[in-house]
Amino acid sequence: MKTRFTYLSVCALCISLLTSCANSDYQNAMDKGIASLGEQNYHQASIYFEVASSEQENDKKANTYFKQASQMEEAINFYEQEEYLSALEVFEAVVNLDDGLQTVQSEAQKWKMTILEEQEELASTEEEIDTINHLISAEEYTNALEQLQLLNMKVESEDTLTDYENELANLTEKINEALDELENANASSSTNVPEEKPVEPKEDPTEVEEEVTYDTYTNDRFGFTIEYPSNLNVGSPPANRDGLNFYNDELEITASGSHNSLDESIETIYQQALNNIAVPIAYDRLADNWFVLSYVENGMIVYVKFFYGDDIFNRFIITYPENKQDVYGPVTTHISDTFIPSAR
């Protein structure tokens, strides 16, 4: 009898030890799984919860946590593969899973919001590109370039929009080619005269037919070089040696340089120049390190070209009567083509 009692006691002890070991393995796996969730290592977490579930097959908590971890891993994989709709569906399932960990549900909700915001950003970018293409089709190149520059800034600041960089680069090239053609046409034709207007008789035919020769001026302080018609008067050099003035009774050319003492951007200087012009702009273009403005004020054509450098600015301004476009338009083109800036 005593022997039988001893046997039963040993069996009970073994069962107790086995149960204790099983409970210990279960809790260890659960603890490690929850720790992995905290580290957002969902693959490792699902392995631990699967171990815990195998230790206690009918444990609801282990099964629920395993499902949460597995779904999070699946949803993130969908996101990385750019299958955003599938990712949203799985993240939504994690959020709505009964008895799931609140921290994991909150993380799934953050992922959902991120994807929705990115999708909205993509849709907005597509709309902006469509608007730019419509402006190009309507030959509103300056407006298109302005919109494109703003969009480029947004794309450069958002990692999710980098796929648009090549498309925007192609649009920029397309607009610049159109603007170059327009600039060349404006430099050699009337700025503001309708095509059907009769051509006025030239006051001095020999003035147009005479071949223009050019002298060269290089500024020793700021290093730029400009070619100017040889028959112009040359103004007295200013005390600060920042530039020089060339003129006759109709044409005036001013070339100068300055320091970027305020560390201003080219966009800021361009906008300030626009704000200082009280009349409609006939032509303007903003590039990476220069801009052009052309307009008619009080019967005078004004052509401004500004060159931007980190330390130095160069500029030249040309003015002449509007009715002398056929005489001085080619001169303006020559100066613009041959000007050598030091601002880079």
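Fully extending the segment from HIS134 to ASP288, taken as 0.36 nm per residue of separation minus the present Cα-Cα distance, adds 53.1 nm. Taking each residue as 0.36 nm, the span from GLU126 to ALA278 lengthens on full extension beyond its C-alpha to C-alpha distance by 51.2 nm. Note on VAL155: accessible area is roughly 0 Å² with a 1.4 Å probe, heavy atoms of protein only. Average accessible surface for the chain: 59 Å² per residue, computed with a 1.4 Å probe over protein heavy atoms with every protein chain in place. Put simply, the amide H of ILE312, placed in the peptide plane, has neighbours under 5 Å in ASN260, ARG344, leaving out anything fewer than 5 places away on its chain.
Using the Cβ-Cβ distance between GLN149 and SER336 with R0 set to 25 Å, the FRET efficiency from 1/(1 + (r/R0)^6) comes to roughly 0.65.
The figure for VAL90 is an accessible area of roughly 20 square angstrom, using a 1.4 Å probe on the protein chains alone. Across region 87-92, computed HN-Hα scalar couplings (Karplus, 6.51 cos²θ - 1.76 cosθ + 1.60, θ = phi - 60°) run 4, 4, 4, 6, 4, 5 Hz from first to last residue, x flagging Gly and Pro.
Taking only protein heavy atoms and a 1.4 Å probe, the accessible area of the chain is 49% carbon and sulfur.
In order along region 322-335, the Karplus-derived 3J(HN,Hα) couplings, from 6.51 cos²θ - 1.76 cosθ + 1.60 at θ = phi - 60°, round to 4, 7, 10, 4, 5, 8, 9, x, x, 5, 4, 4, 4, 5 Hz, and Gly and Pro are given as x.
Between GLN105 and LEU85, what's the calculated FRET efficiency when r is the beta-carbon distance and R0 is 25 Å? Round to 0.05. Rounded to the nearest 0.05, the efficiency is 0.80. Karplus-derived 3J(HN,Hα) values for region 148-155, using 6.51 cos²θ - 1.76 cosθ + 1.60 with θ = phi - 60°, are 5, 5, 5, 5, 4, 4, 5, 5 Hz; glycine and proline are entered as x.
For the chain, a crude dipole built from +1 on the beta carbon of Lys and Arg and -1 on the beta carbon of Asp and Glu, taken about the Cα centre, is about 2260 debye to the nearest 20.
Subtracting the Cα-Cα distance of GLU181 and ASP263 from 0.36 nm times their residue separation leaves 26.3 nm of extension gain. Projecting the Cα atoms of VAL155, ILE132, LEU145 onto the dipole axis of region 54-157, where Lys and Arg carry +1 and Asp and Glu carry -1 at the beta carbon, places VAL155 farthest toward the positive end.
The values are calculated or read from the model by the stated rules, or taken from the named source; none is laboratory data. Values in this document were obtained by computation on a predicted structure and should not be read as measured data. Reconstructed Cβ throughout: ideal geometry from the backbone, glycine too, with neighbour counts over all protein chains shown. Just the protein is used for accessible areas: all its heavy atoms, side chains included, with ligands, DNA and RNA removed. Shrake-Rupley method; radii C 1.70, N 1.55, O 1.52, S 1.80 Å.
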